[in-house]
1. Please work out the C-alpha center-to-center distance from segment 51-74 to segment 11-35 and express it in whole Å.
2. Take the alpha carbon gyration tensor of the chain, find the square roots of its eigenvalues, order them as a ≥ b ≥ c, and report rounded if a/c is under 1.5; if not, report prolate when a/b exceeds b/c, else oblate.
3. Given the DSSP H assignment, sum -39500 (n - 2.57) over each helix run of at least 4 residues in the chain and divide by its residue total; what's the result at 222 nm in deg cm²/dmol, nearest 500?
4. Mind sorting 197, 69 by how few other Cβ atoms lie within 10 Å of their own Cβ, fewest first?
5. Order by neighbour count: 103, 156, 98, fewest other Cβ atoms within 10 Å first, most last.
6. In a GNM of the chain with a 10 Å cut-off on Cα contacts, which of 166, 102, 216 has the highest mean-square fluctuation?
7. Give the relative contact order (percent, whole number) for segment 11-170; include only Cα pairs under 8 Å separated by 6+ residues.
8. In the chain, what percentage of the DSSP-assigned beta bridges are antiparallel, given to the nearest 5?
């Protein structure tokens, strides 16, 4: 279930979910769960995990809960209606304990408030608006929520890679960068970035993934993730 107008989940969420190295029995945190696309893919791929997602837009939060129920995954996915930045507070009983998650992941809004044209649709505006300091805030939140040696995974625009890595510096190590290419020979449009809290391993730029063949069809590698739910292991 998604809104007819406004922000709609796409394949970015599927690839994000495929790269999170979750194992049965682990707990996960998602900043900006939206309608639940990434969480649903992850919970369907890995059984017996528990995902807590935060969503500021009430309608999206309700849809995420309904989507989890429709897919019999409401026992695996919990949705908190609230602002991601509230996760840094310690006085909110509804929020989980800091450092209590094995993994955290996010598909941050792609548009800066000071650079983008305002959307007339309120849901899209909420989902896509992002202030200059918000990306650093989201990185800080994910770092706060995961345990030592826990992983954090982001999918973002390729042009935002420098800013994302700068914000991750000092918080995460053993960072893996996996580019997503629309077609062979084209520049990457998206990057998936995964780091380990407290690690000191060197950064690695991975080969990445080409999404489309010469025509409009997905490549076999992309199809295996999108249709068959295959994991995309970065480490």
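Bear in mind that the values in this text are calculations on the coordinates, not laboratory data. Just so it is clear, the structure is predicted and the values come from calculations on it, not from any experiment. Cβ atoms come from the backbone with ideal geometry, glycine included; neighbour counts cover every protein chain shown.
1. If we compute the Cα centre of each part, the gap is 13 Å.
2. Numbers: a/c = 1.20, a/b = 1.12, b/c = 1.07.
Taking the square roots of the gyration eigenvalues as a ≥ b ≥ c, the chain is rounded.
3. After summing the helix terms and dividing by residue count, I get -8000 deg cm²/dmol.
4. Numbers: 197 23, 69 12.
Fewest to most other Cβ atoms nearby, the residues stand as 69, 197.
5. On the way: 103 26, 156 21, 98 16.
Going from sparsest to densest Cβ surroundings: 98, 156, 103.
6. Result for the chain, Cα springs under 10 Å: 216 fluctuates most.
7. Numbers: 289 pairs, mean separation 40.3, N = 160.
Over segment 11-170, the number comes to 25 percent.
8. Numbers: 16 of 42 bridges.
Percent antiparallel among DSSP bridges in the chain is about 40.
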